[in-house]
1. Per q in 0.09, 0.16 Å⁻¹, report the Debye log10 I(q)/I(0) for the range 66-180, using one uniform scatterer on each alpha carbon and no solvent.
2. Over all pairs of distinct alpha carbons, what does the Kirkwood formula give as the hydrodynamic radius of the range 217-346, in Å?
3. Restricting to Cα pairs below 8 Å that are 6+ residues apart, what does the relative contact order work out to for the range 1-100? Please round to a whole percent.
4. As a footprinting exposure proxy, order 217, 82 by other Cβ within 10 Å, with the fewest listed first.
5. Please compute, for the alpha-carbon atoms of the chain, the extent along each of the three principal axes and give them in descending order in Å.
6. Counting only C-alpha contacts under 8 Å and six or more residues apart, can you give the relative contact order of the range 232-329 as a whole percent?
7. Working from Cα positions, state the angle (0 to 90°, nearest 10) between the long axis of helix 158-175 and the longest principal axis of the chain.
8. Angle, helix 271-280 long axis vs. longest principal axis of the chain, Cα atoms, 0 to 90°, nearest 10?
Ligand code: TRP
């Protein structure tokens, strides 16, 4: 049997999606979707995972489901090619998680570097919700329920994939070959691995107010770019400037293509020359920011326009999500049935068990 190629990926609906999501994953997903190299593509809105650290905030999660769905469609996710669905509508995922929990130790979860950082960022200290602590296990359920072979995500998700593979190996070793070991698919442009916030801080986050959203208006986009963190030592145009840690150049690494120079900045042949001039001194931040603005406006304008179109029929989006969830649930139910069988908890379907037991009791 030739192995099917299946993609599963997801986002937590805690806000509108930003360009970090876009370069880190969303853009790639659309390319993968349109490559026709995959047999199935599942895109999940991870509301249950979002609730693991937003238990008191269900309204926030609920309101953002539509925002995320609109962002998907605006970027080119096509529901005729990809199954878009909502995590909480697939109860099979909870059951899988419950069984996988037996295969993971507390100390292994404590070693997960992404969870560690998130615990620090949320100041959970000694009050970590159990659901949050165990979300890597639930993520393993998300991935394996769809027999995903490929998970296109940012590098911060690497520990989740590692943990998923461990669960798969353990499950298959204990109960027999049942689950598929997934692979991570990282973005290929290294600047896209983690796009910093506009203030230069490591991560874009709503609470830090350093995000650029996909649905940002043209004016706000320009304002955010013009206010971006650069090199604090680069005070006068003639001063030599630093590229490392300079957000404007990191964003150029992520968004700039060679043809942009001819179009918007013909004085320079390529990005290397632009960087060299900045480092030598004599190139002002404003000029570089204007160039970045032209490039990003070009990239985000069609997304913004498509989003406005989709916003005109909200019930249709919910309908798409409902259909997607139904289709996804069928797939997850098949996997769950395999899992129950492998774990020998499918009592009523196991005729051999019943007849052997009957014999044991002298019938
Ligand atoms: N943890 C992911 C994030 O924060 C979201 C997610 C949930 C996910 N389940 C997943 C990603 C399964 C990939 C596969 O972005």
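Every number in this text was worked out from the coordinates using simple rules, so none of it is lab data. For clarity, every value in this text was computed on a predicted model and none was experimentally measured. Using ideal geometry, Cβ is built from the backbone for each residue, glycine included, and neighbour counts are taken over all protein chains shown.
1. -0.29, -0.87
2. On the way: mean 1/r = 0.0540 Å⁻¹.
In the range 217-346 this quantity evaluates to 18.5 Å.
3. Over the range 1-100, the number comes to 37 percent.
4. Working: 217 11, 82 22.
In increasing order of surrounding Cβ atoms, one gets 217, 82.
5. Its Cα atoms span 96, 44, 43 Å along the three principal axes.
6. 30 percent
7. Helix 158-175 sits at roughly 10 degrees to that axis.
8. Once rounded, the angle reads 60 degrees.
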